[in-house]
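A short write-up of the structure that comes next.
The values are calculated or read from the model by the stated rules, or taken from the named source; none is laboratory data. The structure presented is a predicted model; accordingly, all values stated were derived computationally and were not measured. Cβ placement follows ideal geometry from the backbone for every residue including glycine, while neighbour counts extend to all protein chains displayed. Heads up: the accessible areas ignore ligands, DNA and RNA and are worked out on the full protein's heavy atoms, side chains in. Shrake-Rupley method; radii C 1.70, N 1.55, O 1.52, S 1.80 Å.
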Amino acid sequence: MLSILIPTYNYDIRKLVNDLHSQANMLCVDFEIVVIEDGSKKYLAENKSVEHLSYVKYSIFTENIGRAAIRNHLADNAVYPYLLFLDCDAEIAGSDFLERYVKLFQKNCVISGGRIYKKIIDKDYSLVEKYGKSREQFNPKNLKIREKYKVFTTPNFLIDKNIFKKVRFDESIKQYGHEDTLFGIELQRQNIDIQMIDNPVYHVGLEDNRTFLKKTELGLQTLLNIYKSGKYPEIQQNSKILSFYLKIKKLHLQKIISFTFKIIKPLLIKNLISNNPSFLLFDFYKLGILTKIS
């Protein structure tokens with residue numbers, strides 16, 4: 001009944017797979033756990049050990065095909081009608097994690113379980129920890145934001161395979177970021193509801209602050225490219241920062257913002273890699289990047 005699908009890139013997935021395997025064996029459902037290394041160069045010898053577990057399939061793609069394509073491939077080759085997608089850098093947070101999903105099996109379901117963050121002492125990870133806990137972690141406040149901006153994320157979600165066949169990930173997105181945003185838009189276009197439940201995983205594969213800023217820039221470039229393509233006009237309503245940027249552009253203020261950003265960027269970065277990064281400055285940083293690359 002359940003295919004657990006884990007696209008993997010340069011991450012040790014042994015604990016995740018073993019925890020899932022242990023829980024799945026306690027349930028009275030047929031299952032498989034499928035792991036595919038998407039061009040990984042690290043942890044291949046370590047991860048290969050999971051293929052000795054029953055109902056676990058492990059394979060290696062020598063070339064990276066991308067975050068969208070690898071998820072489509074996993075779904076296309078899944079045996080069972082319910083697909084549980086998990087990021088490789090997840091850690092199971094509850095002993096009844098799989099059981100909670102199994103209880104919700106029903107035709108046409110799309111269920112997001114969310115993710116949470118552990119306390120991190122190292123200041124080099126202060127921005128991603130603060131951002132994750134405030135804007136990504138499952139709580140009533142974030143649920144309101146997600147409902148307003150139709151946010152959909154892929155680290156931990158269950159979907160009926162028949163629904164997936166109608167939606168799929170857009171494989172034209174090659175660069176980092178927003179394949180999940182477009183997947184959410186496709187769900188909207190099909191009038192498919194997303195049920196958000198409190199069944200999170202820990203996000204443990206965190207980037208340090210500087211890496212997080214670099215990936216933020218890549219994601220913003222992808223976001224702008226998607227908007228300019230015209231294929232997804234809904235993305236303006238799905239992205240708070242893009243919506244604000246377009247208002248700035250309409251008022252012909254982007255050059256002023258870009259000039260200001262260029263001058264104060266070192267000060268912004270100094271704050272954003274500090275012990276107490278400011279979200280206000282982080283939002284201005286993202287706005288500045290958009291004005292710079294547009």
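Here the helices (runs of 4 or more DSSP H) wholly within region 44-118 that include at least 3 residues being within 20 Å of the chain's Cα centre (by Cα) and hydrophobic (A, V, I, L, M, F, W, C) are 67-76. Checking each residue in region 247-266 for being closer than 21 Å to LYS214 by Cβ, in contact (Cβ under 8 Å) with a residue 24 or more places away in the chain and open to solvent by 100 Å² or more (accessible area, probe 1.4 Å) picks out only LYS262.
Residues checked against (1) assigned to a helix (DSSP H, G or I); (2) among the hydrophobic types (A, V, I, L, M, F, W, C); (3) within 30 Å of PHE105 (Cα to Cα):
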| site | (1), (2), (3) |
| --- | --- |
| ASP180 | yes, no, yes |
| LEU187 | yes, yes, yes |
| ASP193 | no, no, yes |
| TYR202 | no, no, yes |
| LEU218 | yes, yes, no |
| THR222 | yes, no, no |
| TYR227 | yes, no, no |
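Report yes if LEU16 is outside any loop (DSSP other than H, G, I, E, B), under 21 Å from LEU187 (Cα atoms) and either open to solvent by 20 Å² or more (accessible area, probe 1.4 Å) or at pLDDT 95 or above (or both), otherwise no. It is false that LEU16 is outside any loop (DSSP other than H, G, I, E, B), under 21 Å from LEU187 (Cα atoms) and either open to solvent by 20 Å² or more (accessible area, probe 1.4 Å) or at pLDDT 95 or above (or both). Against the conditions (1) under 23 Å from GLU136 (Cα atoms); (2) open to solvent by less than 10 Å² (accessible area, probe 1.4 Å); (3) at pLDDT 95 or above; (4) in contact with an Asp or Glu (Cβ under 8 Å, 6 or more places away or on another chain), where does ASN72 fall short? Just the number, please. Every condition holds for ASN72 apart from (1). For region 216-237, does any single residue satisfy the condition of being acidic (Asp, Glu), more than 19 Å from PHE152 (Cβ to Cβ) and surrounded by fewer than 15 Cβ atoms within 10 Å (Cβ to Cβ)? Looking for residues that are acidic (Asp, Glu), more than 19 Å from PHE152 (Cβ to Cβ) and surrounded by fewer than 15 Cβ atoms within 10 Å (Cβ to Cβ), one finds none in region 216-237, hence no.
Filtering region 25-40 down to residues that are closer than 20 Å to LEU74 by Cβ, part of a loop (DSSP other than H, G, I, E, B) and not β-branched (Val, Ile, Thr), which residue is farthest from the chain's Cα centre (by Cα)?
Start the filter on region 25-40 by keeping residues that are closer than 20 Å to LEU74 by Cβ, which leaves 29-40.
Still in the list and also part of a loop (DSSP other than H, G, I, E, B): 29-30, 39-40.
With not β-branched (Val, Ile, Thr) added as a condition, the list becomes 30, 39-40.
Values: ASP30: 27, GLY39: 18, SER40: 18 Å.
Here the residue is ASP30.
In the list PHE97, PHE85, PHE61, PHE31, which residue meets the criterion of being aromatic (Phe, Trp, Tyr), open to solvent by less than 20 Å² (accessible area, probe 1.4 Å), at pLDDT 95 or above and over 21 Å from PHE152 (Cα atoms)?
Selected residue: PHE31, the only one of PHE97, PHE85, PHE61, PHE31 that is aromatic (Phe, Trp, Tyr), open to solvent by less than 20 Å² (accessible area, probe 1.4 Å), at pLDDT 95 or above and over 21 Å from PHE152 (Cα atoms).
Scanning region 133-142 turns up no residue that is modelled with pLDDT of 75 or more, under 16 Å from the mean Cα position of the chain (by Cα) and in a loop (DSSP other than H, G, I, E, B).
Listed by first and then second residue, the pairs with beta-carbon distance under 6 Å, at least 6 apart or on different chains, first residue in region 231-244 and at negative phi and part of a helix (DSSP H, G or I), second open to solvent by less than 60 Å² (accessible area, probe 1.4 Å) and basic (Lys, Arg), are ILE241/LYS286. Considered as a group, the residues in region 144-201 that are closer than 14 Å to GLN237 by Cα, of a type in the set (Val, Ile, Thr) and modelled with pLDDT under 90 include one that is least open to solvent (accessible area, probe 1.4 Å), and that residue is VAL151.
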